[in-house]
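Asks: Dropping a structure here in structure tokens format, bear with me for questions.
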Amino acid sequence: MVQPFEASTCATPMSSSTPHIMAPGSRDVIEQQLSIAKTVLLQAIDLLDNHLTSDEQLAVHSQYLPGSTIGKHLRHARDHFVLLMDSMLHPPPRVLSYDTRVRNTPMETSREGARAALLEAVDQLEEVVPTMDFNEQVTLQAITPYMHSFQSTLGREMWFASLHCVHHWSMVRVIAGEMGIKLSEDFGFAPSTLVYQDREAPLGKGKL
């Protein structure tokens, strides 16, 4: 059974006076990043199970964010994790592009389709992330709109995928608010914000 992020006794406390940063390839960092990724995806599943009441709500277009729907944001954020995991299936040198798009998928218009796709991503994370070397180099290809290549690491991209997900959850929060749907107070807030505000939320547990 999938469990959300919980602070462990080995978690690094966040302190403004004596910060301690663990090595990116350490087992603790890998386990913590996996837990964070699962937590943000589970937030979306909670949205589907406990806050949305119809498939139609996934496809309601935002008045404040033109072209945006909850379903599109769920699909796009989830895809970043899947693209990163898929890059691990190829032998080095690894190449990663987040610009690969598969639009109009069932998860954009179906709560059940979205739930299944999100759980599939969680399962893939649990299978692949423990085998990752976070220090391993990966070539990131990006359309900026020019085609550029950048050198990164798997650890950095794992962190980015989670933060990117939170960013899109903040927009989901806006769209839900337009429909009068109230979400949990930590949904769509960055971990650094939750820690700074001393929030009692799973993604703010770095303060412990």
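All of the numbers you see were taken from the coordinates with simple rules; none came from a lab. Just so it is clear, the structure is predicted and the values come from calculations on it, not from any experiment. FYI the Cβ positions are ideal-geometry reconstructions off the backbone, even for glycines, and counts take in every protein chain you see.
Asks: Going toward the positive end of the dipole of region 27-207, with +1 on Lys and Arg Cβ and -1 on Asp and Glu Cβ, which of 147, 116, 175 do you reach last?
Replies: Final value for the positive-end residue is 147.
Asks: Mind putting together the pair-distance distribution for region 114-197? All Cα pairs, 5 Å bins, whole percent per bin, short to long.
Replies: All Cα pairs considered, the percentages come to 3, 11, 13, 18, 19, 18, 11, 5, 1.
Asks: Continuing with the same structure: Over region 27-207, calculate the relative contact order: mean separation of alpha carbon pairs under 8 Å at least 6 apart, over the residue count, as a percent.
Replies: 25 percent
Asks: Moving on to the next point. Would you please report the Å³ per residue occupied by the convex hull of the alpha carbon atoms in region 25-89?
Replies: On the way: hull volume 7.8 nm³, N = 65.
Output value, Cα hull per residue: 121 Å³.
Asks: Right, next: Take the alpha carbon atoms of region 143-168, find their center, do the same for region 91-126, and report the distance between the two centers in whole angstrom.
Replies: That distance is 15 Å.
Asks: Gain in length, residue 116 to residue 61, computed as 0.36 nm per residue apart minus the alpha-carbon separation, to one decimal in nm?
Replies: Details: separation 55, 0.36 × 55 = 19.80 nm, distance 2.26 nm.
Gain in length upon complete extension: 17.5 nm.
Asks: Along each of the three principal axes of the Cα atoms of region 27-207, give the extent in whole Å, ordering the values from largest to smallest.
Replies: For region 27-207, the Cα spread along each principal axis is 47, 38, 29 Å.
Asks: What residues qualify as long-range amide H neighbours of residue 96, i.e. H under 5 Å apart, gap of 5 or more or another chain, H built at 1.01 Å from N?
Replies: Close amide H contacts, sequence-distant or interchain: 139, 140, 141.
Asks: Once you have the Cα-Cα distance between residue 152 and residue 89, take 0.36 nm times their residue separation minus that, and quote the gain in nm to one decimal.
Replies: Length gained, residue 152 through residue 89: 21.0 nm.
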